[in-house]
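Shown next, in structure tokens, is the structure this report addresses.
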There are 2 protein chains.
Amino acid sequence: MSEALVPGQTIGILGGGQLGRMLAMAAARLGLHVHIYEPGVEPPAGEVARCTFTASYDDAVALEDFARSVDVVTYEFENVPAAALDRIEALVPFRPNRRALAVSQDRLDEKAFLTGLGLTTAPYAAVDDAGSLAKALSAMGMPAILKTRQLGYDGKGQARIDAPGDAGAALDAMGGAPAILEGFVHFEREISVIAARGADGRVMAFEPGENRHEDGILRTTRVPAAIGGATRLDAVTLAGRILNGLDYIGVTVGGLVVNEIAPRVHNSGHWTEAGCVVDQFEQHIRAVAGWPLAEPLRHSDVEMENLIGCDMDRVPAIAAEEGARLQLYGKAETRAGRKMGHVTRVSGLARRR
Amino acid sequence: MSEALVPGQTIGILGGGQLGRMLAMAAARLGLHVHIYEPGVEPPAGEVARCTFTASYDDAVALEDFARSVDVVTYEFENVPAAALDRIEALVPFRPNRRALAVSQDRLDEKAFLTGLGLTTAPYAAVDDAGSLAKALSAMGMPAILKTRQLGYDGKGQARIDAPGDAGAALDAMGGAPAILEGFVHFEREISVIAARGADGRVMAFEPGENRHEDGILRTTRVPAAIGGATRLDAVTLAGRILNGLDYIGVTVGGLVVNEIAPRVHNSGHWTEAGCVVDQFEQHIRAVAGWPLAEPLRHSDVEMENLIGCDMDRVPAIAAEEGARLQLYGKAETRAGRKMGHVTRVSGLARRR
């Protein structure tokens with residue numbers, strides 16, 4: 001697919017959660033159809049897409065039907081099984097590419113890729129057993145954090161080690177999966193850079209957002225971040241190096257001591273929908289569709305707050321707030337810890353009529 | 001329905017065109033489901049709604065199934081047959097109310113309603129036959145314009161009369177339908193006020209936009225309009241009087257010599273999606289759902305341009321423009337004179353990264 005998609009063509013999205021949902025609405029704005037592939041029934045994204053394939057990632061027939069029904073495939077999460085991607089890629093182009101996905105699927109590969117580009121990461125070491133864990137702990141010191149190499153998110157699949165006596169329980173918590181030990185980084189703040197690389201190789205980055213977490217889950221992102229111009233420039237330049245290093249097409253996210261890269265739209269970029277002319281979702285769709293990327297122009301100062309679990313009880317009050325823009329995900333069931341929506345608050349606007 | 005809808009409840013929309021499509025996406029952002037009712041197959045709105053009823057407006061069974069499947073019904077166009085509305089309203093609340101719809105469906109009733117509120121309109125007279133037309137022409141002078149009382153839009157169902165000899169042909173063009181003769185108003189500019197009235201009776205108005213037409217079709221809307229503060233205030237006050245006069249719930253549009261009112265979201269309000277925190281579509285959904293209306297905060301100067309027919313050929317160039325936001329309607333076929341999408345251009349933004 002060297003040609004750009006034209007209105008009326010179709011993008012396939014693997015995953016039907018809120019990211020797929022917001023991608024689908026962005027695609028609709030560009031006149032592109034969307035087909036969702038998602039094992040769970042009635043996914044949030046299905047409601048705003050032309051059609052939904054409800055099937056597991058090991059259903060070869062469904063995967064191939066899906067692939068044949070679309071012009072290009074992208075994804076809302078990076079843990080799609082490789083065998084499923086093989087089937088899809090045999091039939092239709094896949095963006096961002098497999099390398100970006102493979103690197104981000106494995107924390108050890110990710111760290112190796114980043115340090116290979118000359119970027120700074122937390123100290124890390126591969127851990128496969130008690131022996132390699134003991135060796136890594138003595139080299140790195142404590143506290144440190146043991147993580148599964150694959151399939152972790154929002155603080156899951158992680159165990160903190162403060163003293164040698166924690167090591168055994170931490171290793172047990174990995175359930176025999178290959179792991180990585182990471183040293184603690186004493187950081188001043190966490191920022192995210194949402195950057196995209198177009199099919200023509202051009203990179204566009206939104207301004208860095210400043211994140212605040214609670215209980216391992218992103219709580220707010222604020223733009224502008226409280227960082228100087230030099231840091232801002234460094235962050236954006238660094239994001240560009242990562243994208244070029246991956247020969248990447250799509251939207252991704254990074255930091256200065258680079259913590260993680262996500263080869264997709266990201267929660268820390270939701271502020272763009274209220275603060276920018278074109279948001280991260282449309283930017284990703286533009287990249288995937290081979291369209292020119294948009295200049296990441298920002299018109300407002302914004303704070304994005306995630307609505308998690310019973311935060312939904314506050315929706316009526318938030319709806320009455322001046323300058324608040326809601327984005328609810330249409331999930332049928334509200335559960336503790338579940339991301340149900342977000343609100344972006346725009347500040348500093350005069351009331352003009 | 002005195003209670004507000006909660007996320008997970010469903011809004012029914014009569015009409016599946018681009019207005020329904022943008023309403024459906026706004027409803028999704030608020031966690032509300034949308035069912036579309038539309039006689040035409042594969043309507044633009046159906047793609048971003050949970051389900052679509054494809055049936056005519058005289059299909060009693062389909063209308064009742066539709067009504068039973070939703071919690072409130074609204075509409076994207078005002079020419080829905082009254083009998084269909086009767087069936088729906090017997091089962092489920094309908095917003096904005098029937099009076100607003102009835103007044104806007106008939107140009108004579110609309111003018112009578114507006115002058116009854118003490119507002120200025122073009123001179124007008126009812127025309128039912130050659131006799132009443134001759135009498136109206138001699139009272140009003142020429143040029144004047146003869147319009148069907150019902151079912152006209154975008155310049156259709158209209159005939160201009162410059163000299164007495166045009167009268168016969170103009171009357172024939174009405175096809176025997178009841179008509180209204182309107183005098184010409186020599187105006188400086190046309191402005192639109194998009195205003196909404198919530199279930200609590202509170203009125204919110206966006207800033208007036210300035211419209212430019214070509215061939216009877218809206219070409220661009222620009223905000224801010226080139227009008228002074230006093231005119232701006234007058235326009236907004238006047239829109240409030242119209243809404244209160246109708247005991248109206250929803251979004252509507254007006255002017256200073258009041259040309260027309262539309263009891264729905266309107267093409268001249270599309271600029272709000274690129275210029276405001278909350279756009280006209282969400283404002284309408286909020287009103288229909290019984291939610292508090294949003295403050296109509298504007299963050300940017302905007303010009304909206306309609307993309308009509310082969311304007312679609314310019315989409316790749318527009319996609320590469322800085323500060324341009326596309327909204328394409330997903331219509332399968334591009335036809336001359338057909339509204340295919342629009343672009344909103346935001347100006348005066350610094351490039352910040």
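The values are calculated or read from the model by the stated rules, or taken from the named source; none is laboratory data. Values in this document were obtained by computation on a predicted structure and should not be read as measured data. Every residue, glycine among them, receives a Cβ derived from its backbone with ideal geometry; neighbour counts consider all protein chains shown. For the accessible areas, the whole protein counts, side chains as well, though only heavy atoms, and no ligand, DNA or RNA atoms are used. Shrake-Rupley method; radii C 1.70, N 1.55, O 1.52, S 1.80 Å.
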*Per residue of A:44-54, how many C-beta atoms from partner chains lie within 10 Å of its own C-beta, taken as a mean?*
3
*What FRET efficiency, computed as 1/(1 + (r/R0)^6) with R0 = 41 Å and r the Cβ-Cβ distance, is obtained for B:THR237 and A:HIS213, rounded to the nearest 0.05?*
0.30
*At the nearest 100 Å², what buried accessible area, both sides summed, do you get for A and B when the probe is 1.4 Å?*
4500
*Using a 10 Å cut-off on Cβ to Cβ distances, tally the other chain neighbours for every residue of B:315-326 and report the average as a whole number.*
5
_My understanding is that a pair violates if its Cα-Cα distance is over 24 Å; which of A:LYS147/A:LYS331; A:LYS111/A:LYS135; A:LYS111/A:LYS147; A:LYS331/B:LYS339; A:LYS331/B:LYS331 do that in this structure?_
A:LYS147/A:LYS331; A:LYS331/B:LYS339; A:LYS331/B:LYS331
*Determine the dipole magnitude for the range B:1-138: charges of +1 sit on the beta-carbon of Lys and Arg, -1 on that of Asp and Glu, nothing else is charged, the reference point is the Cα centre, and the result goes in debye to the nearest 20.*
440
*asked:* For a quick check: with amide H placed at 1.01 Å from N, whose amide H comes under 5 Å from B:HIS213's, ignoring anything fewer than 5 positions away on the same chain?
replied: B:ARG219
*GNM flexibility winner over chain B from B:GLY157, B:GLY176, B:GLY12 (Cα, springs under 10 Å)*: B:GLY176
*Rounded to the nearest 500, what is the 222 nm mean residue ellipticity of chain A from helices alone, with -39500 (n - 2.57) per DSSP H run of 4+ residues and division by all residues?*
-8000 deg cm²/dmol
*Which of B:TYR57, B:GLY323, B:GLY216, positive extreme of dipole for chain B (C-beta unit charges)*: B:GLY323
*Can you tell me the FRET efficiency between B:GLU42 and A:THR334 if r is taken as the Cβ-Cβ distance and R0 is 30 Å, rounded to the nearest 0.05?*
0.35
*Shortest first and in nm with one decimal, please list how far the A:ALA169 label point sits from its counterparts in the other copies (point 7 Å along Cα→Cβ).*
9.3
_Gain in span if fully extended, B:THR115 to B:PHE184, counting 0.36 nm per residue against the direct Cα distance_ = 23.2 nm
*Separation in nanometres of the label points that stand 7 Å from Cα toward Cβ, at A:ALA169 and B:ASP128*: 9.0
_If I compute solvent accessible area with a 1.4 Å probe over the protein chains, what percent of it on the range A:101-170 is carbon and sulfur?_
54
*Nonlocal amide H pairs with A:ASP301, under 5 Å, H built at 1.01 Å*: A:SER347
*When only DSSP loop residues count, what GluC sites (Glu not before Pro) in the range A:100-199 have their Cβ near at most 13 other Cβ atoms within 10 Å?*
A:GLU188
_Can you list residues from other chains, or at least 5 along the same chain, whose modelled amide H is less than 5 Å from the amide H of B:GLN9?_
B:HIS33
